[in-house]
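Undergrad: One structure is given below, represented as structure tokens, and several questions about it will come after.
The values are calculated or read from the model by the stated rules, or taken from the named source; none is laboratory data. Model, not experiment: these values are computed from the prediction. Reconstructed Cβ throughout: ideal geometry from the backbone, glycine too, with neighbour counts over all protein chains shown.
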Amino acid sequence: MKQVPDTESVLRIDGEGTGIVEQGLQYVANPYDEYAVEEALRLREKFGQGTVTVITVGPQRAEEAIRYFFAMGADEAVHIRDDEPQKRDALSVAQCLAEAIKDMEYDVIFCGKQAVDDDSAQVGAMLAELLDIPQATVVTKLEVVGDNKSAVVHREIEGGEEVLEIQLPAVITAQKGLNEPRFTSLMGIKRAMSKPIEIREMKVPEAKTKVISLERPPERPSGRILEGEDTDVVRELVDALRNEAKVLD
Amino acid sequence: MAGIWVFPEQRSGELKKVSFEILTIGRKLADKAGEELAALLLGSGVVMLASELAKYGADKVFLADSADLKDFLTEAYTSVICEAVAANEPSVILFSATTLGRELAPRVAARLGKGLATDCTELDINDAGRLTVKRPIFAGKLFANVAFDHGKPQIASVRPNVIPVQEDPKAGEVVKLEVRIDPSRVRTKLKEIKKETGARVDLTEAKVIVSGGRGMKGPENFSILEDLAASLGSEATVGASRSAVDAAWRPHSDQVGQTGKTVTPDLYIACGISGAIQHLAGMSSSKYIVAINKDPDAPIFKKADYGIVGDLFKIVPLITEELKKSAKK
């Protein structure tokens, strides 16, 4: 999982022009990772056994997101400390995660379908490849079947969905709709404060893609408010769309 | 050997529009780099698609035609692509940033140990002959210019609906690839593809999106947006804001914004959407934006090319009516 700026954040580009100013930003757990953790908790509850371990690569502040997932009910956490997250790309993070996970025991690895900061949508599939296990991305439904050796998953595709049977262990990336993440309770939050987090120092590989510069989207030219009687305004709008914007056939 | 490669996407023997978009941009990059453009066509019984690929600029079509490739399965496709890459060493590989491309491109990149830039909206070859791309981050609140810090292949995926398609007929010489897939290495099985019944075009591919927010007041009222979309042609569809989706008025697949889809239609009509920053991020790259809202101070009006302050329940049906009337003329 990953900690990201809240989606309501207004972003500023930093002095070097390649990153964002972190000061003043509110950081939260990546929304898609909430679905991932929730699904893992539900499997643990359904089978009445197992451990939900949260793993992240990130700076110290990412601990808050780990505590949030503890409050939801996660059992254990591994925090791979990386104080220069802006120097990483999806492959270097996936390599780091794979290195940490390869000696662990696991049945399913859940990730969010993408982090809502860099929007790469790569780490889950890359991690699956590096661990040599199958993957299903953008999953909206999951059911463990066949002596718990495989799962039937629904993936969102353009204009419909794809139903796949996938062998376990596998990487599943969670799409909104997979479940409704639970609220954290006061008890859960209290418990979360005292749970131990395993901190790992690890050399995070260098990124293979580099951000040269960041820029703001071009400003939209200021528009115009159409005023008058409803019927006149509507006629003016349709005329403008057809003849000015030329977006109607 | 080198070359610019594109991976055109087909399902059930039909090429998707985005395939022609990546061929078009691939052709431009190939001309600039002075390399040939090759399309990597995988499937079963798809040889007839090669001529279509040639029409949009493919000098060469690497064809992997096998019953084992009939369904798109990530591991099977990855192994065929990576073998072809090893044998031919292309300098660039372009995928489309669709649900299929998002599944496949990172797996290929990880196997090759190369970086990947996803969802690019601009691609170019710089003076050093290297690929540089521009990609939206934070759902379009910012754009990142990205370069690759390694040798070939440089891998990128291209956002649908951004590159205008252009024909540029080339030879499209078909080169058959040998397909060897170890079935034990394909650990997924396609059971079914469910099409939404009567589904309109997907949000990410739509030319026109009519979107509704909290101001729609309830799920039943979205019918007026469906009617408007229907009057705007077959490439129009209906979207929703996060509040409408969170209220369970619309399915999550309809959601536009930072935790939904980022969309780039020619025309985006926002109805009863105030314009939360995470929504604006997802739709600000639309070519034209129309906002209809009863609150004159709604932030959506700042992004709109045309704004109407008023009652959407009166205005939307009037637009539908006006479109039908003027279309008859």
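Undergrad: Say we look at the stretch B:256-267 and pick out the residues that are within 23 Å of B:Ile315 (Cα to Cα) and facing another protein chain (nearest Cβ under 10 Å); which of these is nearest to the chain's Cα centre (by Cα)? Even if it seems obvious, please write down each step before you answer.
TA: Initially, the stretch B:256-267 is screened for residues within 23 Å of B:Ile315 (Cα to Cα), giving B:256, B:265-267.
If we keep only those that are facing another protein chain (nearest Cβ under 10 Å) as well, we get B:265-267.
Details: B:Pro265: 11, B:Asp266: 14, B:Leu267: 16 Å.
Among those residues, the one meeting the criterion is B:Pro265.
Undergrad: With (1) hydrophobic (A, V, I, L, M, F, W, C); (2) buried (at least 20 other Cβ atoms within 10 Å of the Cβ); (3) within 25 Å of B:Arg11 (Cα to Cα) as the list, and B:Ala144 as the residue in question, which single condition is left unmet?
TA: So B:Ala144 meets the others, but not (3).
Undergrad: Examine the stretch A:70-84 for a residue that is within 16 Å of the chain's Cα centre (by Cα), of a type in the set (Phe, Trp, Tyr) and buried (at least 23 other Cβ atoms within 10 Å of the Cβ), and state whether such a residue exists.
TA: No; the residues of the stretch A:70-84 include none that is within 16 Å of the chain's Cα centre (by Cα), of a type in the set (Phe, Trp, Tyr) and buried (at least 23 other Cβ atoms within 10 Å of the Cβ).
Undergrad: Output the residues belonging to the stretch A:213-232 that are surrounded by 13 or more Cβ atoms within 10 Å (Cβ to Cβ) and either under 25 Å from A:Arg12 (Cα atoms) or of a type in the set (Val, Ile, Thr) (or both).
TA: Answer for the stretch A:213-232, where residues must be surrounded by 13 or more Cβ atoms within 10 Å (Cβ to Cβ) and either under 25 Å from A:Arg12 (Cα atoms) or of a type in the set (Val, Ile, Thr) (or both): A:Ser213, A:Leu214, A:Pro217, A:Arg220, A:Gly223, A:Ile225, A:Thr231.
Undergrad: Just the residues that are basic (Lys, Arg) and crowded, with 22+ Cβ neighbours inside 10 Å, please, taken from the stretch B:191-229.
TA: Once the filter is applied, which keeps residues that are basic (Lys, Arg) and crowded, with 22+ Cβ neighbours inside 10 Å, the stretch B:191-229 yields nothing.
Undergrad: Okay, moving on. For the stretch B:167-200, give me each residue that is closer than 27 Å to A:Val163 by Cα, aliphatic (A, V, I, L, M) and more than 7 Å from every other protein chain (Cβ to nearest Cβ).
TA: B:Val179, B:Ile181, B:Val186
Undergrad: Inspect all residues belonging to the stretch B:2-25 and state whether any of them is buried (at least 24 other Cβ atoms within 10 Å of the Cβ) and over 21 Å from the mean Cα position of the chain (by Cα).
TA: no
Undergrad: Right, next: What are the pairs, 6+ residues apart or on separate chains, where a residue within the stretch A:113-126 that is more than 8 Å from every other protein chain (Cβ to nearest Cβ) has its Cβ under 6 Å from a residue that is of a type in the set (Lys, Arg)?
TA: Partner pairs satisfying both residue conditions: A:Ala115/A:Lys2.
Undergrad: How about the stretch A:120-150: which of its residues are buried (at least 22 other Cβ atoms within 10 Å of the Cβ) and either polar (S, T, N, Q) or within 10 Å of the chain's Cα centre (by Cα) (or both)?
TA: Scanning the stretch A:120-150 gives A:Ser120, A:Ala121, A:Gln122, A:Val123, A:Gly124, A:Gln135, A:Thr137.
Undergrad: Picking from B:Ser211, B:Ser223, which residue would you name as being more than 9 Å from chain A (Cβ to nearest Cβ) and either under 20 Å from the mean Cα position of the chain (by Cα) or assigned to a loop (DSSP other than H, G, I, E, B) (or both)?
TA: B:Ser211
Undergrad: Which number in (1) among the small types (Gly, Ala, Ser); (2) within 24 Å of B:His252 (Cβ to Cβ); (3) modelled with pLDDT under 95 marks the one condition that A:Gly24 misses?
TA: Checking A:Gly24 against (1) among the small types (Gly, Ala, Ser); (2) within 24 Å of B:His252 (Cβ to Cβ); (3) modelled with pLDDT under 95, the one that fails is (2).
Undergrad: Please work out which one of (1) in contact (Cβ under 8 Å) with a residue 60 or more places away in the chain; (2) of a type outside the set (D, E, K, R); (3) within 13 Å of another protein chain (Cβ to nearest Cβ) is the condition A:Phe70 fails and give its number.
TA: (3)
Undergrad: Across the stretch B:127-148, what is the number of residues that are part of a loop (DSSP other than H, G, I, E, B), touching a residue at least 12 places away in the same chain (Cβ under 8 Å) and more than 7 Å from chain A (Cβ to nearest Cβ)?
TA: Of the residues in the stretch B:127-148, 2 are part of a loop (DSSP other than H, G, I, E, B), touching a residue at least 12 places away in the same chain (Cβ under 8 Å) and more than 7 Å from chain A (Cβ to nearest Cβ).
Undergrad: Let me ask something else about it. Being surrounded by 22 or more Cβ atoms within 10 Å (Cβ to Cβ), more than 10 Å from chain A (Cβ to nearest Cβ) and farther than 30 Å from B:Ser286 by Cα narrows it down to one residue among B:Ala110, B:Ala76; which is it? Step through it out loud before you land on a result.
TA: On the way: B:Ala110 fails: more than 10 Å from chain A (Cβ to nearest Cβ).
From the options B:Ala110, B:Ala76, the qualifying one is B:Ala76.
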